[in-house]
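Engineer: Below is a structure I'd like to ask you about.
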Amino acid sequence: MNRKLGVLACSLLLTLMAAAQAPKAKAAQHTVTELLNGNISNMEHEFVPAADAMPEDKFNFAPTNGEFKGVRTYAQQIKHVAAVNYELAAALLEQKPPVDIGDESGPASLTTKSDIMKYLKDSFEYVHKALATVNDDNLTKTVKSPFGEGSVSRLGLAMSVASHGFDHYGQMAVYLRMNGIVPPSSRM
């Protein structure tokens, strides 16, 4: 009995030692395009549900108490982010934006929640199309800045999509809470 237990213990010990010595599987390497798309997708997955969370009858809400004079309405925040998405993606593609960006305010003709949400979702599709062109070879190459004179790296433009969107997401989260709505990403 002791001999069987000893053999079993030795077998187990050898198995554990062999497993410890086995080469570890390497973590999957992601391409630049995958990493950038993941970054934008994270922002998109928070921004779009937040945009949709405000009821249509409050879509033109803007705070009035305190230091809020002249701020964008909720709908204007969304249209602005979508317009800048188009602008940044077009610069990455070295094209003109494929839609009216209304001096970064989005088209004045978009007034309903459904039209604004479509404009927003379509802007993210266009961003993903543009990000598909960014790779290791052109990541640091420059393109004409969409914001005036000079040039900017493709990586800088790609990263601007998320940072700009999250800036406005923060403002929208305040607008939602001022209307008694918990932003979707904060719900349990």
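Engineer: Say whether the condition of being crowded, with 21+ Cβ neighbours inside 10 Å and either without any contact (Cβ under 8 Å) to a residue 24 or more places away in the chain or within 22 Å of Val32 (Cβ to Cβ) (or both) is met by at least one residue in the range 132-144.
Structural biologist: yes
Engineer: Among Lys118, Lys129, Lys96, Lys79, which is outside any loop (DSSP other than H, G, I, E, B), over 20 Å from Met54 (Cα atoms), more than 13 Å from the chain's Cα centre (by Cα) and charged (D, E, K, R)?
Structural biologist: Lys129
Engineer: If you don't mind, there's one more thing I want to ask. Is there any pair with a first residue in the range 55-78 that is on the phi > 0 side of the Ramachandran plot and a second that is part of a loop (DSSP other than H, G, I, E, B) and surrounded by 13 or more Cβ atoms within 10 Å (Cβ to Cβ) whose Cβ atoms are under 9 Å apart and which are 6 or more apart or on different chains, and what are they?
Structural biologist: Gly70/Ala62
Engineer: A further question on this structure: Could you tell me whether Ala89 is among the hydrophobic types (A, V, I, L, M, F, W, C), on the phi < 0 side of the Ramachandran plot and modelled with pLDDT of 95 or more?
Structural biologist: yes
Engineer: Let me ask something else about it. When the range 29-41 is examined, which residues are found to be surrounded by fewer than 16 Cβ atoms within 10 Å (Cβ to Cβ) and either at positive phi or more than 8 Å from the chain's Cα centre (by Cα) (or both)?
Structural biologist: Gln29, His30, Thr31, Glu34, Leu35
Engineer: If you take the residues in the range 42-88 that are small (Gly, Ala, Ser) and surrounded by 16 or more Cβ atoms within 10 Å (Cβ to Cβ), which one is nearest to Thr111 (Cα to Cα)?
Structural biologist: Ala75
The values are calculated or read from the model by the stated rules, or taken from the named source; none is laboratory data. Model, not experiment: these values are computed from the prediction. Ideal geometry is used to build each Cβ from the backbone, glycine not excepted, and the neighbour counts take in all protein chains shown.
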